[in-house]
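Engineer: So that we are looking at the same thing, I have put the structure below in C-alpha cells.
The values are calculated or read from the model by the stated rules, or taken from the named source; none is laboratory data. Keep in mind the model is a prediction, meaning the values are calculated, not measured. Note: ideal-geometry Cβ built from the backbone for every residue, glycine included; neighbour counts use all protein chains shown. Heavy atoms of the whole protein, side chains included, go into the accessibility calculation; ligands, DNA and RNA do not. Shrake-Rupley method; radii C 1.70, N 1.55, O 1.52, S 1.80 Å.
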Amino acid sequence: MPHQLISLLKEGDAVQQYFMVRQSDRGTTKDGKPFLSLGLGDKSGVIKARIWSDVLAKCPGPFAPGDHVAVQAQVDSFKGELQLKVGYINTVAALRELGRDLREYDPDLLYLTTSYDRETLWEELWQIAETQIGPPLGKLVLRILDRYQQEFQVCPAALRYHHPYLGGLLEHTWFVTRHALASLTIYPELNRDLVLAGAILHDLGKVKELANPPAPERTVPGHLLGHVVLGWEMVRSEAQAADFSDPVLLVQLEHIILSHHGSMEFGSPIVPKTREALLVNFLDDLDAKLKMMSQHLEGDTGEGDFTSYNRALQRDLYKGGPASAADPDSDREPEQ
C-alpha cells in the first residue's frame, strides 16, 4: 500500500505503512492492563497511536523514539483529534532480520522537517549578524553561529509544543529575528545590537538540551539545567574565549538569554529588566504561540467552528468557519 501522508489521513482510513516513532509512553488502563501511547511521524506531521494490551502481547517492542516501524492500523477520532488504533507494529530492524519484504520502505518520507529552505534561512541570519549588528556583539554572534552551524540547522525548537521538527530551531530563530528587525523600526531608541544579538542567540542552548533531532529527546544536561542556563553558559564561554571587550554589554546580552522565558514560573531565573530583554521575551513567546495555534488548527478534524481544547494553550481555537448568512437588513444604518 502506498504511503499516505499523515496530513491527508481521514477517519476510517486503513493504514499499512511505515512511520518514525517520535514519542513512546507506557501506561495502564483502569482495569490494570498495559498499553502503549506513541507519537508516530512522517514528513507531514505527527499522529497519536494507541497499542492496547491484546496487540502488545503479540507486538511487545520495545519501540523507542527514532525507531522506524511498520504499522497496520485504523484511523479513529477522539475528541476531534485523529489517532491510530494499531493492530500490528514492528520495527524495520526486526523485519529485516526476519527477511521481510521492505520494498515500500522509504525513510525520506518519515522525517518531519521545516517547510522553509534551511540554507536560505541560515544565509539571512548570517547576513543580519554580519551587516546589522555592530562590534563587538556582531563578531561574537558570528563566532557562535560558525561554531554551532551544523547543530543549529537540524535542531528542533522543542520536543513537541512548537517547531518540533528538523530545522525548527532555525525557523523559529529566523522568525523572532525578523520580528525584532520590524520592532526596531517602531522603537528605534532600543539598543539595536542587543536586540538582534539576543533574538539570534536566545534559544542557542537548545542544541545542547535536545538530542536525536529526528525524534528529539532531552539530554542529561537538558534535564538538569535546561536550555536557558545552557545557552547563557555557551555565550559566556565564547565571549571569554574571544576576550570580549565590553563586560557591561555582555552582561546585558546574558540577561536577555536568561530572562527570555519571562518569569521563573516558565523557566527563567530572572524576569526581563531591560527594554531589550522584554522585547525578545515577547517576540519569542509570540512566535511560539502562533506556531502552536497553527499546529493545533492543522491537526484538528472535529466538527464545528472551534477546535478541541488545547491544554498547552489553555483554550480552544476558532477555525474561521464560513461567514453567517447575510442579514437582509445589514445595509441599513443603525437606528439612533
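Engineer: For the residue pair R143 and Y187, what label-to-label distance in nm results when each label sits 7 Å from Cα along the Cα-to-beta-carbon direction?
Structural biologist: 2.8 nm
Engineer: A further question on this structure: Give the calculated FRET efficiency between T131 and Y111 to the nearest 0.05, with a Förster radius of 41 Å applied to their Cβ-Cβ distance. Display every interim value, and only then the final one.
Structural biologist: Values: r = 33 Å, r/R0 = 0.80.
Here the calculated transfer efficiency is 0.80.
Engineer: Report the extension gain between R160 and V220 in nm, rounded to one decimal, defined as 0.36 nm multiplied by the number of residues separating them, less their alpha carbon distance. Intermediate values should be presented prior to the final figure.
Structural biologist: Working: separation 60, 0.36 × 60 = 21.60 nm, distance 1.81 nm.
My answer for the length gained is 19.8 nm.
Engineer: Between K79 and M264, 0.36 nm times their residue separation minus their Cα-Cα distance comes to what? Numbers along the way, then the final one.
Structural biologist: Numbers: separation 185, 0.36 × 185 = 66.60 nm, distance 3.29 nm.
Taking K79 through M264 to full extension adds about 63.3 nm, to one decimal.
Engineer: Could I ask something else about it? Between helix 168-186 and the chain, what is the angle of the helix's C-alpha long axis to the longest principal axis, kept within 0 to 90° and rounded to the nearest 10?
Structural biologist: Value to nearest ten degrees: 40.
Engineer: For Cα pairs less than 8 Å apart in space and 6+ apart in sequence, what is the mean separation divided by the residue count of region 121-185, i.e. the relative contact order in percent?
Structural biologist: Once normalised by length, the contact order is 25 percent.
Engineer: Could you check what % of the DSSP bridge pairs in the chain are antiparallel, to the nearest 5?
Structural biologist: Values: 37 of 41 bridges.
So the antiparallel bridges in the chain amount to around 90 percent.
Engineer: What percent do you get for the relative contact order of the chain when only Cα pairs under 8 Å and 6+ apart count?
Structural biologist: On the way: 593 pairs, mean separation 44.1, N = 336.
In percent, rounded to a whole number, it is 13.
Engineer: Please give the FRET efficiency for T28 paired with D305, using the beta carbon to beta carbon distance and R0 = 41 Å, rounded to the nearest 0.05.
Structural biologist: Values: r = 37 Å, r/R0 = 0.89.
About 0.65, to the nearest 0.05.
Engineer: Given the -39500 (n - 2.57) contribution per DSSP H run of 4+ residues, what per-residue ellipticity at 222 nm results for the chain, rounded to the nearest 500 deg cm²/dmol?
Structural biologist: Values: 12 runs with 135 residues, N = 336.
Result for the chain: -12000 deg cm²/dmol, rounded to the nearest 500.
Engineer: Quick one: pull the percent of accessible area on region 108-185 belonging to carbon and sulfur, 1.4 Å probe, ligands and nucleic acids left out. Mind showing how you got there, number by number?
Structural biologist: Values: 1620 of 3470 Å².
On region 108-185, the fraction of accessible area on carbon and sulfur atoms equals 47 percent.
Engineer: Beyond a 21 Å Cα-Cα separation, which of these cross-linked pairs lie in this structure: K30/K85; K291/K319; K48/K79; K43/K208; K10/K291? Intermediate values should be presented prior to the final figure.
Structural biologist: Values: K30/K85 18 Å; K291/K319 15 Å; K48/K79 12 Å; K43/K208 24 Å; K10/K291 23 Å.
Those over the limit are K43/K208; K10/K291.
Engineer: Follow-up. Rounded to the nearest whole Å², what accessible area per residue is found for the chain with the 1.4 Å probe? Could you put the intermediate results ahead of the total?
Structural biologist: Working: 18090 Å² over 336 residues.
Per residue, the chain has an accessible area of 54 Å².
Engineer: To the nearest 10 degrees, how steeply does helix 275-299 sit against the main Cα axis of the chain, on a 0 to 90 scale?
Structural biologist: Rounded to the nearest ten degrees, it is 20.
Engineer: May I pose another question? Which order do S53, S115 take when ranked by solvent-accessible area (1.4 Å probe, heavy atoms of all protein chains), largest first?
Structural biologist: On the way: S53 40, S115 110 Å².
From most accessible down to least: S115, S53.
Engineer: Compare K79, K30 by solvent-accessible area with a 1.4 Å probe and give them largest first, with all protein chains kept in place.
Structural biologist: Values: K79 155, K30 205 Å².
Accessible-area ranking of K79, K30, largest first: K30, K79.
Engineer: If you roll a 1.4 Å probe over region 212-298 with all protein chains in place, what percent of the accessible area is carbon or sulfur? Let's see the in-between values first.
Structural biologist: Values: 2780 of 4560 Å².
With neighbouring chains kept in place, the figure for region 212-298 is 61 percent.
Engineer: Further, regarding this structure: Report which label in [x] 24.4; [y] 26.4; [z] 14.6 holds the value of mean projected area of the Cα convex hull in nm² derived from the coordinates of this structure.
Structural biologist: [x]
Engineer: Treat every Asp and Glu Cβ in region 222-325 as -1 and every Lys and Arg Cβ as +1, leave all other atoms uncharged, and give the resulting dipole magnitude about the Cα centre to the nearest 20 debye. All intermediate terms of the calculation are to be shown ahead of the outcome.
Structural biologist: Working: 8 positive and 15 negative charges, 47 e Å.
Charge dipole, region 222-325, about its Cα centre: 220 debye, nearest 20.
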